[in-house]
Amino acid sequence: MSGFRNSSVRRAAGLFVALLTLSSCTVVVEEDRPPRPGRPGPMCTREYDPVCAERFGERQTFSNACLAETAGFRIIRRGECRHRPDGPKPGEDTFCPRIYDPVCARRGPDFRTFGNECLADVAGYRVVQNGPC
């Protein structure tokens, strides 16, 4: 009976060693995705190259593209997001500041240079870039 016990112990030890070997062969794959709360994300530089990004209809300006992507935003364009003033209400006059800060704006296929963003908004154009067209 002692021979039966020795072979059972050997088999149990062998099974234990096999399971230990298999469990140490686990492979972990890290995918490139936004970090979960409490987990560190990718390291971004402190370079200032602003971008306008959007997530679920919310627009936000980030210092650089890496920071925007890390926060889960989709980059819309280079430069800061523009904050549009509320459009004029029917029957109201709209007054724009007399600050010359030219912008290039578009309405349909028509591109036009305006003296500032407010003037473009009042005319019904969407600003596409800073500076003249």
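At-a-glance table
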| item | result |
| --- | --- |
| Extension gain (nm, one decimal) between residue 70 and residue 16, 0.36 nm per residue minus Cα-Cα | 15.1 nm |
| Net length gained if the chain between residue 78 and residue 8 were fully extended (0.36 nm per residue, minus Cα distance) | 18.1 nm |
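None of the figures in this text is laboratory data; all of them are computed from the coordinates on show. None of these values were measured; they are calculated from a predicted model.
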